[in-house]
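The structure appears right after this line, and notes come after that.
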Amino acid sequence: MIKSIAQVSPSVHFIGAFDPRIRTFDIIMKTANGSSYNSYLVRGSEGVCVMDTVKKEFSADFFKRLELLCEYDEIRYIVLHHLEPDHSGALEELMTRAPQAKLIISGRAVMMLKGIIKTDVPFEVANTGKVISLGDKTIEFLSTPFLHWPDTMSSYLHEEKLLFSGDVFGSHYYDERLFDDEVGDFSYAFKYYYDHIMRPFKQYVLQALELYGKFDIKLIAPLHGPVLRTNPQFYIDKYAAWSSEAKFRKHTFGNKMLSVFYMSSYENTHKMAQKVTEGADSVEGIVASMYDLASLDENNMVDLLEESDAVVIGSPTINGDAVKPAWDLLACMAYLESGGKVGASFGSYGWTGEAPEMLHDRMRWLKFRLPVKPLKVKLIPTEEELQACFDFGIDIAEITMGKMVEMEI
Ligand SMILES: Cc1cc2nc3c(=O)[nH]c(=O)nc-3n(C[C@H](O)[C@H](O)[C@H](O)COP(=O)(O)O)c2cc1C
Ligand SMILES: [Fe+2]
Ligand SMILES: [Fe+2]
């Protein structure tokens, strides 16, 4: 039952759907407060534009809201800022009901469209600078790719200084009061969404913010959670700060960070880790530190990985595998830009010793630079083997400092 239709600005209404019951989103996110699939209708003197749709199961609410505001034959444009199913779920049905409407997507969305709707539909591509007119309303498109899919874009409604930002500035936070000054405290959801969805794409966030900076923004209408109308700059500043944080810390301290993550049951891999760390730390310009994976929280893993220029992982071989916390550590790379970090692995073993190689392989897929072979020691390391660990640390550190010719292994 649709009670009322929220008016976002003079010509824009909310026609999305609320999902109070969802508790996990996209597998990787917990949604304690549910979420919303925001969609908007813009009315101009010469027709209507629909901004995004909703998740398929929520189509009925979307169409009900839309029908309260316009006739299908008034729709001139359907804009999909992002083709993920939570926003494209009702697209096919909408295009059937409004066959005259022109679909507008980004250039990078073209290849995805066929994977989303299986029939051929006509569309038009929008890159930065493309403008459409609804008579007295003008919508300009901005290419803001990889936030968080390659296809994503944003748009700006000039007359109302309103930014349709796509998933950018979104929150998984269900609250039908809709506006940031009326809903409950969604600050944790806003940060959580950034950390899990936007953080791996910080460079693209900064590029998008630069583009947004050319416009006077009075209102931000994202694809999830509250519409931001009190002080949009506050949210823009948050994204800017979070996206430049790591660089800021590095500039402050100057040194490169090398982190040795390890786990050990009988101290063997631990002893190796100590020597690797000492060796690495002896190289000028490197600050090396070691962390016992047995007691490292996931949030700290993500932060440490992000700050590290080199990531060295030590694991004993247990039942033919590396230990689970080592895999959990690498799984955290999903939240980060991985390319370019130096990686290496080592560990003590009893008879087969495959753990370091397995970690090395996984790091290759994650696009680490892997200049040295994994280092393995059978059971308790000898003095010579500990010296080899020290030298291993030096090698990785020197390569991280750019002092040696790098070889891909
Ligand atoms: C439950 C268990 C399973 C193990 N499985 C293997 C194995 O599959 N392959 C192997 O090379 N060593 C295996 N080992 C031997 C350990 O890798 C070896 O004891 C190693 O030195 C432990 O290093 P740590 O003291 O750093 O934990 C196993 C040890 C335990 C306790
Ligand atoms: Fe998305
Ligand atoms: Fe989304």
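The values are calculated or read from the model by the stated rules, or taken from the named source; none is laboratory data. Quick caveat: nothing in here was measured; it's all calculated off a predicted structure. All Cβ positions, glycine included, derive from the backbone under ideal geometry; neighbour counts span all protein chains shown.
What the table below lists for this structure:
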quantity: In region 292-334, residue nearest to Arg199 (Cα to Cα) [restricted to those that are among the hydroxyl-bearing types (Ser, Thr, Tyr) and in contact (Cβ under 8 Å) with a residue 40 or more places away in the chain]; calculated: Ser308
quantity: Residues that are among the aliphatic types (A, V, I, L, M), part of a helix (DSSP H, G or I) and over 16 Å from Ile396 (Cβ atoms), drawn from region 280-303; calculated: Leu293, Ala294, Met301, Val302
quantity: First in region 175-201 and assigned by TED's automatic domain parsing to the domain that holds Pro222 and closer than 15 Å to His224 by Cβ, second anywhere and basic (Lys, Arg) and part of a loop (DSSP other than H, G, I, E, B), Cβ under 8 Å, 6 or more apart; calculated: Phe179/Arg229; Asp180/Arg229; Val183/Arg177
quantity: Filter result for the condition that a residue is at pLDDT 95 or above, away from ligand 3 (no atom under 15 Å from the Cβ) and surrounded by fewer than 23 Cβ atoms within 10 Å (Cβ to Cβ), over Gln203, Gln207; calculated: Gln207
quantity: Total residues in region 20-67, condition within 29 Å of Met333 (Cβ to Cβ), of a type outside the set (Ser, Thr, Tyr) and in contact with a helix residue (DSSP H, G or I) (Cβ under 9 Å, 6 or more places away or on another chain); calculated: 8
quantity: Condition broken by Ser244, with the remaining ones in (1) under 16 Å from Met153 (Cβ atoms); (2) away from ligand 2 (no atom under 16 Å from the Cβ); (3) among the hydroxyl-bearing types (Ser, Thr, Tyr) satisfied; calculated: (1)
quantity: Selection within region 350-409 - of a type in the set (Lys, Arg) and either part of a loop (DSSP other than H, G, I, E, B) or under 29 Å from the mean Cα position of the chain (by Cα) (or both); calculated: Arg362, Arg364, Lys367, Arg369, Lys373, Lys403
quantity: Region 186-199 - residue that is surrounded by fewer than 19 Cβ atoms within 10 Å (Cβ to Cβ) and not small (Gly, Ala, Ser) and, of those, farthest from the chain's Cα centre (by Cα); calculated: Tyr188
quantity: Hey, Ser59 assigned by TED's automatic domain parsing to the domain that holds Phe190, among the hydroxyl-bearing types (Ser, Thr, Tyr), more than 16 Å from ligand 1 (Cβ to nearest atom) and in a helix (DSSP H, G or I) or not; calculated: yes
quantity: Qualifying residue in region 332-343 (condition: in a helix (DSSP H, G or I), closer than 26 Å to Val205 by Cβ and of a type in the set (A, V, I, L, M)); calculated: yes
quantity: Flag for Lys191 being of a type in the set (D, E, K, R) and in contact with a helix residue (DSSP H, G or I) (Cβ under 9 Å, 6 or more places away or on another chain); calculated: yes
quantity: Single condition Ala109 does not satisfy, out of (1) within 16 Å of ligand 3 (Cβ to nearest atom); (2) of a type in the set (A, V, I, L, M); (3) in a strand (DSSP E or B); calculated: (3)
quantity: Region 210-243: number of residues that are in contact with a Phe, Trp or Tyr (Cβ under 6 Å, 6 or more places away or on another chain) and surrounded by 18 or more Cβ atoms within 10 Å (Cβ to Cβ); calculated: 9
